[in-house]
Amino acid sequence: MSIRYGMKTALQVATLAVTSLFVSSAFTSTLSTMAPSHVDSQQSAAQAVTPHNLALARSAEKQVGKTLYYDPSYTSLDYPGGDVPIIRGVCSDVVVRALREQGNDLQQLLHQDMKSNFAAYPHLWQLKKPDVNIDQRRVPNLEFYFQRHKMSQPITQLAKDYLPGDIVSWRLDNGLAHIGIVSSKRSPTGTPL
């Protein structure tokens, strides 16, 4: 999994002057242990696509056509393993679900980290403590979590650097934070989707 801020169809937004984050798919297999010692954080993502990368991409792709309604509303969730109904949600819900299917509960990992380090996280919502119902649904929290755990990769404008299963974050034209997973599919010109 890789995270870069700055991509729409994996590379279109990378040319904008926005904050960007890229987390290499090589980290997903060790996400729950936070010990990606087998991967240099500055290593290029242009490496062979592993079955693990493809599994994460396909976990996200399976949600296409199932999540039909954008719904950022606050909802009480179970913890751990909480989720809104698959028919609705936001971009981060897709990432959380895909990682959870691969054995990494980002809701739980983020909450545990925020409990121990709450002051370090973005305070855009005037909260006084972590909230298991919403924190993992907020892209700035996920971006900070991945950066904090040294999972981010440098942004490039090379399509070959974006592998299936990479997590990419960017800002939409209206300034809203967005996050997604690079698909196993490519455009006719070879651009990762």
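Derivation of every value follows stated rules applied to the coordinates shown; laboratory data play no part. Quantities reported herein were computed from a predicted structural model and do not represent experimental measurements. Cβ: placed from backbone, ideal geometry, glycine included. Neighbour counts: every protein chain shown.
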Run the simple label-point estimate for Leu127 and Thr156 please: 7 Å along Cα→C-beta, distance reported in nm.
3.5 nm
Quote to one decimal, in nm, the extra length available between Ser73 and Leu176 on full extension: 0.36 nm per residue of separation minus the C-alpha distance between them.
35.5 nm
Strictly over 26 Å apart at the Cα level, which of Lys62/Lys115; Lys62/Lys160; Lys66/Lys150 would you flag in this model?
Lys62/Lys115; Lys66/Lys150
Give, rounded to the nearest 20 debye, the magnitude of the charge dipole that the range 57-158 has about its Cα centre when Lys and Arg contribute +1 at Cβ and Asp and Glu contribute -1 at Cβ.
120 debye
Can you divide the C-alpha Rg of the range 60-124 by 2.2 N^0.38 Å and report the result to two decimal places?
1.19
Suppose we look only past 18 Å in the calculated P(r) of the range 42-183. What percent of the Cα-Cα pairs does that tail hold?
58 percent
Straight-line reach check, Lys185, cutoff 17 Å on alpha carbons, 8 or more apart in-chain or any other chain, hits among aspartates and glutamates -> Glu61, Asp161, Asp166
Please report how far the C-alpha centroid of the range 62-97 lies from that of the range 118-163, rounded to the nearest whole angstrom.
17 Å
